[in-house]
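Bear in mind these aren't lab numbers, they're just calculated from the coordinates by the rules spelled out. Here the structure is a predicted model, which means the values were calculated and not measured. Every residue, glycine as well, gets a Cβ built from its backbone with ideal geometry; the counts of neighbours run over all protein chains shown.
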Amino acid sequence: MKEQDFVFKPQKVVTGSSSWESPSNIALIKYWGKYGVQLPKNPSISFTLSQCKSITKINFRPKDESENHNFSFLFNGKIKNSFHPKIYQFFDRVQNYIPAIKKHYFEIESHNTFPHSSGIASSASAMASLALCFMEIEKQINPKISKKYFLKKASFLARLGSGSASRSIEGPIVCWGESKNYKDSSLLYGIPLKNLAPVFNTYHDSILIIDQKEKKVSSSKGHLLMSSNPFSKSRFIQANENVNKLKNILIEGDLENFVKIIELEALSLHAMMMTSSPSYILMHPNTLFVINEVHRFRNETSIPICFTLDAGANVHLLYPKKYFDKIQILIKEKLLKFCDSKRFINDHVGFGSKKAAV
Ligand code: DP6
């Protein structure tokens, strides 16, 4: 579908409420570098999670001409002004595709199931759930829209709030960005992948909280640094190649090569940050201790566990469900000592966002 296909012109005003919950996602092939309005420099692929999620509720009504603002926002029941610039920008962008939004006033309430101070990015789940709530307005004005279009446009809108949010609408594995090898893939929205080996429906992600503090560098800044990174061209080629290689690995359940690509992607992402100007070292010494332990454990046991990282120090341990008990022992005996306040979160792949009770 093209960008113009997502413009919904009718400007009817409606009253109502809607609520959606959206999971976070963890990238297997990393999105790092963007252009235009939230378009990725390379395709990315992620596991949709299920326990780490945002739940957002909106009440909407016709906006009074005398009202200066068009929304109020509560996060965990409290006013959170620091989120306003991102929400304003999101409204601005979304209004180009659902102009009726301009004529409404919104009360928005959002909360996460994971603690704010866990170093886990919440923009993907938050923006995905808000995008789905907006789609409910379009649906109220035009009840005939198909479920397929509803989800596709929700991913399109979510992308306008945060690129990775486009991958939090569906599951269990989503590709966002254009790749010749992935039919129907698009720069504009994420698509759930088909024909996956069953093992990938069982994947667990144990998130080791190495550092609870907020990220040193925001993703938006990090993406921008890629435009002057001397290795960026090679990185985008590498990401495309890894996306291509991953296709058969996901179909065949080739865990040996899965592990190789996933860890290479995590380290390449960090290599990009280390070689940007200014440069950032986002790993913590404990990140490296954990990585060493994971390698040692994999060599000794042949259990196909691997790690991935986002733009921070936390380590995501990815492994099939059947090894859950063994990995819990590994975490408790060898890895917990490297975690901030001994914290970790067990999550697993899921099937995407769900409508919540209003
Ligand atoms: C390292 O989606 O947070 O997690 O589009 O600027 O909101 P914006 O960036 P964001 O970037 C995510 C970066 C990443 C890798 C990934 O999720 O693919």
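Descriptive notes on the structure:
- Placing a pseudo-label 7 Å from each Cα along the Cα-to-Cβ vector at residue 178 and residue 13 gives an inter-label distance of 4.1 nm.
- Tilt relative to the chain, helix 84-94 - C-alpha long axis, 0 to 90 degrees, to 10: 70 degrees
- Across every direction, the projection of the convex hull enclosing the Cα atoms of the range 230-320 has a mean area of 6.2 nm².
- In terms of surrounding Cβ atoms within a 10 Å radius of their Cβ, 336, 49 rank from fewest to most as 336, 49.
- Kirkwood Rh in Å, taken over all unlike Cα pairs in the range 158-295: 16.9 Å
- Dimensions of the range 183-246 along the principal axes, based on C-alpha atoms and rounded to the nearest Å, stand at 38, 32, 21, largest first.
- In this structure, the amide hydrogen of residue 28, modeled 1.01 Å from its nitrogen in the peptide plane, lies closer than 5 angstrom to those of 45, 46, 47, counting only residues at least 5 positions away or on a different chain.
- Using the average count of surrounding beta-carbon atoms within 10 Å as a protection proxy, the listed peptides 150-162, 27-39, 177-189, 130-142 rank, highest first, as 150-162, 130-142, 27-39, 177-189.
- Under the simplified labelling scheme, the residue 86-residue 37 pair shows an inter-label distance of 2.0 nm, with each label point 7 Å from Cα along Cα→Cβ.
- Inter-centroid distance (Cα atoms) of the range 219-297 relative to the range 1-58, Å: 23 Å
- Counting only Cβ charges, +1 for Lys and Arg and -1 for Asp and Glu, the dipole size of the chain around its Cα centre is about 480 debye.
- Burial ordering of 149, 105, fewest other beta-carbon atoms within 10 Å first: 105, 149
- Residue-averaged [θ]222 nm for the chain, counting only DSSP H segments that reach four residues, each worth -39500 (n - 2.57): -10500 deg cm²/dmol
- Comparing 346, 25, 68 in a Gaussian network model of the chain (Cα springs below 10 Å), the most mobile by mean-square fluctuation is 68.
- Structure remark: mean-square fluctuation, Gaussian network model of the chain, C-alpha springs under 10 Å; the largest value among 192, 62, 85 belongs to 85.
- Likely footprinting exposure, 168, 110, 228, fewest C-beta neighbours within 10 Å first: 228, 110, 168
- Mean-position separation - Cα centroids, the range 320-335 and the range 88-145, in angstrom: 37 Å
- Angle in degrees between helix 285-301 and the longest Cα principal axis of the chain, rounded to the nearest 10: 60 degrees
- Using the Cβ-Cβ distance between residue 202 and residue 1 with R0 = 30 Å, the FRET efficiency computed as 1/(1 + (r/R0)^6) comes to roughly 0.40.
- Shape summary of the chain, radius of gyration then Dmax from alpha carbon positions: 20.2, 69 Å.
- Taking the C-alpha atoms only, the angle from helix 255-274 to the longest principal axis of the chain is near 70 degrees.
- In terms of distances greater than 18 angstrom between alpha carbons, the cross-link table entries 180/247; 12/355; 80/354; 78/354; 30/245 yield 12/355; 80/354; 78/354.
- For the range 78-141, a simple Cβ point-charge model (Lys and Arg +1, Asp and Glu -1, everything else neutral) yields a dipole of about 140 debye relative to the Cα centre.
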